Amino acid sequence: MLKRLHLKNFTVFADANFEFGPGLNVLVGTNGTGKSHVLKLGYSIEIVRERNKNEPPSGGFPYALDFALSEPDWPRRLSYFLPEVFQTASRKQLVSTLSSLQTANIEAEFGDGFSQNETVQFEINAYLDSVSVISGGEFINEKLEIVAPVFIPAKEILTLSWMLPASEQLVLPIEQNYLHLLRQLRLLPLRKVNSAQAISALTNVLGGEVKEEEGKYYLIATNGKRTAMNMVAEGLRKFGTLQKLLANGSLTSITTLFWDEPEANLNPALLRKLAAILAELARQGFQIILATHSTDLLKEFHILSRQKDAAPLPIKYFGLNAEPGEATRIVTTDNFEFLPDVVALAEELKQADELEEIFIREDQEYHANNRRKE
């Protein structure tokens with residue numbers, strides 16, 4: 001589990017500390033405040049950690065990544081993954097331009113709640129365009145199972161399966177996490193899963209099961225009807241992605257799920273169903289770190305966290321806000337109502353209040369007119 005990210009002079013952050021918990025971790029903020037940066041950084045560090053633990057010294061990354069090493073190595077693997085995931089021309093572009101400092105310093109902490117926490121601290125040097133590890137990075141508990149993280153982007157992925165074979169011959173200008181996710185989706189389903197309830201809920205929403213046939217994805221309905229994935233509503237494809245990852249064991253309770261704007265292309269009814277499924281996974285011990293600026297999703301999580309007949313919902317909110325030309329500020333709370341200065345949230349709530357006032361006024365006018373007619 002990713003327990004902490006401490007960022008100094010990294011992209012839009014001057015000095016920011018993220019203390020993640022088990023369950024739901026929700027990053028809230030307007031565009032440009034660094035929500036996606038946090039997801040991509042956490043994902044990059046976790047995938048390098050998994051490679052260092054599980055990759056044999058003889059070299060070669062799994063999933064046919066076009067990169068190989070003679071031995072596990074934090075600096076070189078970070079040097080590769082960071083530009084590939086952030087799609088930057090160089091590592092120095094990850095160093096903040098809001099100060100005169102030429103280096104960014106990142107510290108990541110991992111823990112399973114039982115053994116001693118593991119940390120790694122590294123530096124990105126803009127002048128040298130390099131990454132160097134300052135301290136940590138060793139595995140304190142060698143018996144601890146470490147699995148690859150999952151990153152679901154805002155854009156749906158099931159209709160982009162063509163990118164995987166194309167990437168074996170061409171250099172595609174896409175983020176490495178897209179290719180990694182496509183490889184995770186291709187794994188065969190397990191006979192026994194530890195998230196049967198969530199898979200069942202997803203199957204009910206979809207009306208069937210997502211399957212791969214010759215590199216393409218189809219929705220196989222419960223009545224046997226077969227529908228090409230590009231003919232399925234884009235919002236539903238996200239449910240299909242989650243269903244496939246849970247069914248084939250890519251996503252488990254020891255996997256960190258990073259999800260960028262899960263609310264994209266979902267109507268209110270589907271959003272409520274997705275929120276309920278994510279809440280159920282969080283209650284089962286899944287660590288989910290997601291970025292959003294949807295007040296509807298925040299409200300739904302708040303409702304789910306207050307259910308009296310359900311197990312407590314582990315949830316933390318991180319409010320990201322920045323004035324023009326200033327570094328992003330972070331506020332952490334377990335109640336989204338206490339998030340200050342979230343512009344999009346404030347504007348949407350203001351709009352909702354104004355709409356409510358209009359409905360009340362129109363309702364009063366309607367009843368007043370009817371009374372006159374009587």
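The values are calculated or read from the model by the stated rules, or taken from the named source; none is laboratory data. Quick caveat, the model's predicted, so the values are computed rather than measured. Ideal geometry is used to build each Cβ from the backbone, glycine not excepted, and the neighbour counts take in all protein chains shown. Heavy atoms of the whole protein, side chains included, go into the accessibility calculation; ligands, DNA and RNA do not. Shrake-Rupley method; radii C 1.70, N 1.55, O 1.52, S 1.80 Å.
Does segment 198-276 come out rounded, prolate or oblate, given a ≥ b ≥ c as the square roots of the eigenvalues of its C-alpha gyration tensor, rounded meaning a/c under 1.5 and, failing that, prolate meaning a/b above b/c?
Cα axes put segment 198-276 in the oblate bin.
Report the label-to-label distance for Ala233 and Asn125 in nanometres (one decimal), using points 7 Å from each Cα along the Cα→Cβ vector.
5.4 nm
Do the alpha carbons of any pairs in Lys40/Lys299; Lys40/Lys225; Lys244/Lys308 sit beyond 28 Å of each other, and which pairs?
Pairs exceeding the cut-off: Lys40/Lys225; Lys244/Lys308.
Run through segment 166-209 and list the trypsin sites (Lys or Arg not before Pro) located in a DSSP loop whose Cβ has at most 14 other Cβ atoms within 10 Å.
Here the trypsin sites (Lys or Arg not before Pro) that fit, given the DSSP loop and packing criteria, are Arg191, Lys192.
Please go through segment 168-215 and write out the GluC sites (Glu not before Pro) that DSSP classes as loop and that have at most 16 other C-beta atoms within 10 Å.
Glu168, Glu214
Provide Rg and Dmax in Å for segment 101-259, with only Cα atoms included in the calculation.
19.2, 62
P(r) for segment 126-168, please, calculated from all Cα pair distances in 10 Å bins and given in %.
Reading upward from the zero bin: 16, 23, 26, 34, 1.
Out of the chymotrypsin sites (Phe, Trp or Tyr not before Pro) in segment 157-246, which ones are loop residues according to DSSP with at most 14 other C-beta atoms within 10 Å?
Here the sparse-neighbourhood loop sites are Trp162.
Rounded to the nearest 500 deg cm²/dmol, what is the calculated helix-only ellipticity per residue at 222 nm for the chain, with -39500 (n - 2.57) per DSSP H run of length n ≥ 4?
-11500 deg cm²/dmol
Can you pull the Kirkwood radius for the chain, inverse mean 1/r over Cα pairs, to one decimal in Å?
22.2 Å
If the reach is capped at under 26 angstrom between alpha carbons, list the lysines near Lys143, excluding any in the same chain fewer than eight residues apart.
Lys3, Lys53, Lys192
Starting from 0.36 nm per residue, how many nanometres of slack lie between Gln102 and Glu138 once their C-alpha separation is accounted for?
Contour length minus Cα-Cα distance gives 10.3 nm.
Measure off, as a whole percent, the carbon and sulfur share of the 1.4 Å-probe accessible area of the chain, all protein chains present.
Using a 1.4 Å probe with all protein chains present, the chain comes out at 50 percent carbon and sulfur.
Provide the percentage of antiparallel DSSP beta bridges, counting only those with both residues in segment 178-318; round to the nearest 5.
65 percent
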